[in-house]
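Contents: one structure, followed by commentary.
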Amino acid sequence: MTIRYPNGKKFIPVQQTKLPKKSNPTFSNRGKSLEDELNETNEYYLSRQLAVIHKKPVPIQIVNVKYPARSAAVITEAYFKTPSTTDYNGVYNGIHLDFEAKETKNSTSFPLQNIHEHQMTHMKNVCVHGGLSFFIIKFTILDRYFLISYDSFEKYWVRMIEGGRKSVTIAEFEKDAIELKPGFNPRLDFLPALPKLH
């Protein structure tokens with residue numbers, strides 16, 4: 001299936017790597033994608049009425065469909081209707097949340113090429129209107145998670161735009177972000193970190 005951006009450019013998905021599953025039960029969640037972990041966490045929050053947070057659907061326009069069998073349809077070509085904004089949004093404690101979740105295989109830094117300008121613009125607008133916008137970044141190989149506010153992240157984006165470093169080092173995350181420790185239920189409890197972002 002071919003998916004294209006509104007400008008006609010072909011969409012090439014970023015490959016997400018998964019760690020091999022281990023037999024040790026303490027490592028049973030390793031290998032899950034960050035999206036899976038966040039979806040489980042958000043279901044936990046909703047079931048206990050702690051927050052309402054959902055993954056945003058990707059807006060696509062289907063152009064071509066093939067029917068190899070009567071009961072099956074295969075989308076062979078589609079386009080993004082509009083550029084995507086962020087992965088998740090919702091409400092917590094009366095505050096609008098809007099955040100992006102990203103993974104990297106790199107163990108020393110997070111490449112900024114994984115973020116798009118229209119996402120940064122959207123997140124800035126959310127903050128201007130009183131919402132809370134942030135990133136949750138997973139260093140897959142290290143099994144480390146960081147939550148960083150848009151305001152703290154923006155300086156690294158500006159640094160890149162001005163010709164500086166094109167990534168954020170893990171030391172910079174340790175300094176400017178809140179490290180999240182994975183648990184059992186919820187898997188990635190990020191709500192307690194949010195008041196620290198104000």
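The values are calculated or read from the model by the stated rules, or taken from the named source; none is laboratory data. Computed from a predicted model, the values in this text were never measured in an experiment. With ideal geometry, Cβ positions are generated from the backbone for all residues, glycine too; neighbour counts draw on all protein chains shown. For accessibility, only protein heavy atoms count, side chains too; no ligands or nucleic acids. Shrake-Rupley method; radii C 1.70, N 1.55, O 1.52, S 1.80 Å.
At a glance:
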| read-out | value |
| --- | --- |
| Qualifying residue in the range 123-138 (condition: touching a Lys or Arg at 6+ places or on another chain (Cβ under 6 Å) and at pLDDT 95 or above) | yes |
| Answer residue from the range 179-193, given it is more than 16 Å from the chain's Cα centre (by Cα) and hydrophobic (A, V, I, L, M, F, W, C) and is modelled with the lowest pLDDT among those | F184 |
| So V58, is it at pLDDT below 75, in a strand (DSSP E or B), open to solvent by 70 Å² or more (accessible area, probe 1.4 Å) and of a type outside the set (S, T, Y) | no |
| Qualifying residue in the range 144-161 (condition: in contact with a helix residue (DSSP H, G or I) (Cβ under 9 Å, 6 or more places away or on another chain), assigned to a loop (DSSP other than H, G, I, E, B), touching a residue at least 24 places away in the same chain (Cβ under 8 Å) and open to solvent by 30 Å² or more (accessible area, probe 1.4 Å)) | no |
| Residues of the range 124-143 classified as of a type in the set (S, T, N, Q), open to solvent by less than 10 Å² (accessible area, probe 1.4 Å) and either out of contact with any strand residue (DSSP E or B) (no Cβ under 7 Å at 6 or more places or on another chain) or closer than 20 Å to D98 by Cβ (or both), total | 1 |
| Test result for E172, more than 18 Å from the chain's Cα centre (by Cα) and surrounded by 11 or more Cβ atoms within 10 Å (Cβ to Cβ) | yes |
| Any hit, the range 110-127, residues being of a type outside the set (S, T, Y), closer than 17 Å to T41 by Cβ and touching a residue at least 40 places away in the same chain (Cβ under 8 Å) | no |
| Selected residue (only one of G94, G90, G130 is without any contact (Cβ under 8 Å) to a residue 24 or more places away in the chain, out of contact with any Ser or Thr (no Cβ under 6 Å at 6 or more places or on another chain) and not aliphatic (A, V, I, L, M)) | G94 |
